[in-house]
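Everything on this sheet refers to the single structure shown next.
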Amino acid sequence: MKSPLVQQPDFGERLRKLRKQRSLSQRDLAKARITPSYISLLESGRRVPTLDVLVQLSTALEVSLETLTGAPVDFPELSARDTAPPSPHAGRDSAALRGSAADALLAAGFEDLPLDVRRERLEALYQELLASPPSWALVQVAFQLAQLLADLGDAEARFGVLSTVAGILKESDSPGIRLRTFTDLAAAARDAGNMPAARAALADGRAEIEASGAHHSADHVRLVSVELSVRCEADERLSDLRPLADELLEAARHIDSPAVLGRAHWSVGTMLARYHQTEEAVPHLMAARGILSNASLPIHEWLHFCTALASLLIDLDVEEETARRHLDAALAVTEASGWPPTAALLKAKARHLVARGAAAEAEELCRRTLRGDLLVRGTDRAQFCATWARALAALDRTAEATEQMREAALLFEESGHLRLAVECWRWLDQTRDRIRS
């Protein structure tokens, strides 16, 4: 895939203008994928962006590629072979459809629409593009849809979208896009409980790093971070994971991006917390908190970070005030925004209630969530069942607690989270021992 024609210094001036119109610094625009120094080189006209960089910039700025490049873009097919089924809109100009996809997607006010409406429009556009020959418009829309599905917590749907993208990419396609796709696919597979698919995507990503020389890049950091989490879920020995954590931090320190370094500390801290290495975990988690709290994270990423940090600190039984403050902030922002609370946020709230002795409130929240309208499946459901079991046990409702913990253990086993399944079975054994004694 060749990059659309970009003329410097016109492109750099246009990029700077679009960035300033959105009140973004070069660091804000860079985020986790492009360094601020590279943004500076682009704006000064000293570098010409590749197509994958153009896609990333257009997504971050919420404009179409046409707006960013200043000229109509004829999206090239991803493959010389037309493997897509015939378009149901054969009377329409499919090239025009592909060229206008980003404009239709990123029209003014799109981000202000309710989440369900945004999902409906994205899915409709995605399906329409699937009916045409593979194009960059399809890839761009697929990434947007996958991100929205991640925000909504629909891991299975996200996995399906990214699997489709990975299936149409060829070895000759952009290394940056391929690496991003494999990394996102691994994360989606992990969240959907499909560990074999996650490992396969990680292997593809590792091969892409070697082939493209992307060592010590932001994409290298993202891939290793996902790999670390997948191997943690498989309950590999901590001694085997430490070299991977060192690789992650070393790569992150080579990049001029606080957000990248903050996420690296977060991943390492999470790993250590899962292995109950509290004294080592807390400094990494607090380093991540200090860095990411000062970074210009998108609101959905900030909410995810606050929720996850609170949940981990509750598990570690440390920094109770910090955990409560971040949980309260996430709840307040979610309510003020009108967004539906995610399963992760409700789960963190329930765990916090159990930790502070409010077992009755926690039991009611778990029961209302699992038996209500919110669709909670897979790992999220397993974690809710485990929390519900602990709340029931605190209320001396042992039989019900045992039933919920057994369901949690079976769900964890089914999704490949063996370490968490073992913890549930161990809890059940200890509960039986207490009853017998």
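Only residues that are open to solvent by less than 60 Å² (accessible area, probe 1.4 Å) and under 27 Å from the mean Cα position of the chain (by Cα) were counted in the stretch 363-381, giving 9. Here the condition is being of a type in the set (A, V, I, L, M, F, W, C) and over 21 Å from Ala60 (Cβ atoms); of Ala150, Ala198, Ala214, it holds for Ala198 alone. Of the set (1) surrounded by 22 or more Cβ atoms within 10 Å (Cβ to Cβ); (2) of a type in the set (A, V, I, L, M, F, W, C); (3) over 20 Å from His220 (Cβ atoms), all apply to Met286 but (1).
Listed conditions (1) touching a Cys at 6+ places or on another chain (Cβ under 7 Å); (2) within 26 Å of Ala214 (Cα to Cα); (3) at pLDDT below 85 are all met by Met271, apart from (3). Close Cβ contacts (under 7 Å, 6 or more residues apart or on different chains) running from residues in the stretch 137-158 that are more than 12 Å from Arg119 (Cβ to Cβ) and open to solvent by less than 30 Å² (accessible area, probe 1.4 Å) to residues that are modelled with pLDDT under 85 and not in a helix (DSSP H, G or I) comprise Ala137/Phe75. Among the residues of this structure, Ala200 counts as one that is farther than 24 Å from His304 by Cβ, surrounded by fewer than 20 Cβ atoms within 10 Å (Cβ to Cβ) and over 15 Å from the mean Cα position of the chain (by Cα).
Cβ-Cβ contacts under 6 Å between residues 6 or more apart (or on different chains), taken from a first residue in the stretch 377-403 that is within 15 Å of Ala348 (Cα to Cα) and touching a residue at least 24 places away in the same chain (Cβ under 8 Å) to a second residue that is among the charged types (D, E, K, R) and open to solvent by 40 Å² or more (accessible area, probe 1.4 Å), are listed as Cys385/Glu407; Thr387/Arg351. Return a yes/no flag: does the stretch 257-275 have any residue that is surrounded by 15 or more Cβ atoms within 10 Å (Cβ to Cβ), assigned to a loop (DSSP other than H, G, I, E, B) and under 20 Å from the mean Cα position of the chain (by Cα). Taking every residue of the stretch 257-275 in turn, at least one turns out to be surrounded by 15 or more Cβ atoms within 10 Å (Cβ to Cβ), assigned to a loop (DSSP other than H, G, I, E, B) and under 20 Å from the mean Cα position of the chain (by Cα). The set of residues in the stretch 103-124 being surrounded by fewer than 20 Cβ atoms within 10 Å (Cβ to Cβ), modelled with pLDDT of 75 or more, in a helix (DSSP H, G or I) and not charged (D, E, K, R) consists of Leu115, Val117, Ala124.
The values are calculated or read from the model by the stated rules, or taken from the named source; none is laboratory data. Note that the structure is a prediction, hence the values are computed from the model and not measured. Using ideal geometry, Cβ is built from the backbone for each residue, glycine included, and neighbour counts are taken over all protein chains shown. Ligands, DNA and RNA are stripped out before the accessible areas are found, and what is left, the full protein with its side chains, is counted by its heavy atoms. Shrake-Rupley method; radii C 1.70, N 1.55, O 1.52, S 1.80 Å.
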